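The values are calculated or read from the model by the stated rules, or taken from the named source; none is laboratory data. The shown structure was predicted, so the numbers you read here are calculated from the model rather than taken from an experiment. Here Cβ is always computed from backbone atoms with ideal geometry, including for glycine, and neighbour counts include all displayed protein chains. In case anyone asks, the SASA skips ligands and DNA or RNA and just uses the protein heavy atoms, side chains included. Shrake-Rupley method; radii C 1.70, N 1.55, O 1.52, S 1.80 Å.
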Amino acid sequence: MLGTELNIIFWFILGAFTLGAAVMATAALVNVIRLRNVRISWKAGKLWGYPLFSTLFLSSVLLVGVVALRQGGMEEIIIAGVYGWLGFCWFSTSLLATKRFITDYGIVKNANEPSQTVAWHQIRDFVVKEQDDRDTYIFIYTTDEMDEHHNLIRLELDVPHGKKELFENLISHKLGRRIRCYVDSDINVGQFE
């Protein structure tokens, strides 16, 4: 009797989490689709551009799914399938949330969090720090247009070398009238760290 009740509770919890993950993945996809005039985008996760934990979870679930298929137990296959769907939804949500979008209107660091979107007119200054595999653009911006010096916020954006030229062209176009866009090679960025 107790085993049956625990089994029902297990399936209920697994179903609730799977449904919640599907809703979150759908919401993330809708947020990305709603973005207008996307000029450039790239993956920004910690594992070769992919989100670390959801990728590891999905890989583990796929491995367990192969084992379940080899053993052939129907309940194990169904559980592995549900966990696979949960992992896929989590992976999709994380991938879309960590992806960087550069639009005509500004920089979208996280499509699911509107407060992490920086409009071009908010940016007061920026500097570029060159690294081996990417360039880090450090933007200084404010949330209040009238505020010149207070409440400045720092946004670091890692741009892959393959997207650098397009990104620089877009920055030059969007910020070129207000900010001197290209950093001279004689500026030592290390002094600001």
Using a 1.4 angstrom probe, figure out how much accessible area the stretch 102-176 has per residue, in square angstrom, rounded to the nearest whole.
-> 56 Å²
Lysine pairs in the chain with Cα atoms under 17 Å, if 8 or more residues apart or on separate chains | 15
At 0.36 nm per residue, minus the direct Cα-Cα distance, what do residue 62 and residue 138 gain on full extension? Give it in nm, one decimal, please.
-> 23.5 nm
Whole-percent carbon and sulfur contribution to the accessible surface of the stretch 53-107 (1.4 Å, no ligands, DNA or RNA) stands at 74 percent
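Calculate for the chain the 222 nm mean residue ellipticity that helices alone would give, adding -39,500 (n - 2.57) per DSSP H run of length 4 or more and normalising by residue count, nearest 500 deg cm²/dmol. Please list the in-between numbers first.
Working: 4 runs with 89 residues, N = 193.
-16000 deg cm²/dmol, from helical runs alone.
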Would you mind computing, in nm to one decimal, how far apart the modelled labels at residue 14 and residue 127 are, each placed 7 Å from Cα along Cα→Cβ?
-> 5.3 nm
re the stretch 102-176: pairs of Cα atoms spaced beyond 16 Å account for a percent value of 51 percent
What distance in nm separates the simple spin-label points at residue 165 and residue 76, each placed 7 Å from Cα in the Cβ direction?
-> 5.3 nm
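Cα gyration tensor of the chain, axes a ≥ b ≥ c as square roots of the eigenvalues: rounded (a/c below 1.5), prolate (a/b > b/c) or oblate? Walk me through the numbers before you get to the answer.
Values: a/c = 3.17, a/b = 2.40, b/c = 1.32.
Judged from the Cα gyration tensor, the chain comes out prolate (a/c at least 1.5, a/b above b/c).
Take peptides 70-79, 154-163 and line them up by average Cβ neighbours within 10 Å, highest first, as a rough protection proxy.
On the way: 70-79: 11.2, 154-163: 14.2.
With the highest mean Cβ count within 10 Å placed first, the list reads 154-163, 70-79.
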Rounded to one decimal in nm, the spacing of the 7 Å Cα→Cβ label points at residue 151 and residue 119 is 1.4 nm
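What helices does the chain hold that run 18 Å or longer along their axis, going by alpha-carbon atoms, with a Kyte-Doolittle average of -1.0 or more, using DSSP H for the helix calls?
Numbers: long enough: 2-33 (46 Å, 1.75); 52-71 (29 Å, 1.77); 74-98 (35 Å, 1.14).
Helix filter hits for the chain: 2-33, 52-71, 74-98.
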Computed on alpha carbon atoms, what radius of gyration and Dmax characterise the stretch 74-146, expressed in Å?
-> 18.8, 64
Starting from the amide H of residue 45, placed 1.01 Å from N in the peptide plane, find each other amide H under 5 Å away whose residue is 5 or more places distant or on another chain.
-> 50
Paramagnetic label zone (point 7 Å from Cα along Cα-to-C-beta, residue 179; backbone N under 11 Å) in the stretch 90-125 = 107, 119-125
